[in-house]
Amino acid sequence: MEESGTGTAESGADSTVELRKEPMFLHVSAVRDVTGFELSLEFSNGSVKRVDLSNELYGEVFEPLKDAQFFNRVQVNPETGTIEWPNGADFAPEFLYEIGQEIEQVA
């Protein structure tokens, strides 16, 4: 079996091809909870993570988010697939996913 740079593989009758488990594009699908400067975020792959943004609020666009009332105005923008605030501040979903701590799901 020979792999190409695109992640596909030529396969014979007796070979197995693994499917990608993560979606190609990761999106934030919901904000479940806001506590202080921590968010519980649900991602498009089904993961739920607690994301602490208290150390990420630097720079002009993020300065208003240091006010707890303004921070609580966070929403998911369905067009961009991530969280954002009324002043246009946002974070890439991949960054949020990387810094987040997995929350155990109870069925």
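Derivation of every value follows stated rules applied to the coordinates shown; laboratory data play no part. Since the structure is predicted, the reported quantities are computational estimates derived from the model, not experimental observations. Positions of Cβ are backbone-derived with ideal geometry, glycine not excepted, and every protein chain shown enters the neighbour counts.
Just to check your reading of the model, which residue among Phe70, Phe62 is surrounded by 10 or more Cβ atoms within 10 Å (Cβ to Cβ), touching a helix residue (DSSP H, G or I) at 6+ places or on another chain (Cβ under 7 Å) and of a type in the set (Phe, Trp, Tyr)?
Phe70
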Specify the residue that is surrounded by the most Cβ atoms within 10 Å (Cβ to Cβ); the eligible residues are those in region 73-107 that are small (Gly, Ala, Ser) and more than 14 Å from Leu57 (Cβ to Cβ). Gly100
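Could you list, in sequence order, the residues of region 37-65 that are farther than 22 Å from Asn87 by Cα and assigned to a loop (DSSP other than H, G, I, E, B)? First the steps, then the outcome.
Taking region 37-65 as the starting set, the residues that turn out to be farther than 22 Å from Asn87 by Cα are 42-50.
Matches in region 37-65: Ser44, Asn45, Gly46, Ser47.
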Give region 68-85 a look and list any residue that's over 20 Å from Asn55 (Cβ atoms) and among the aliphatic types (A, V, I, L, M), or say none. Val76
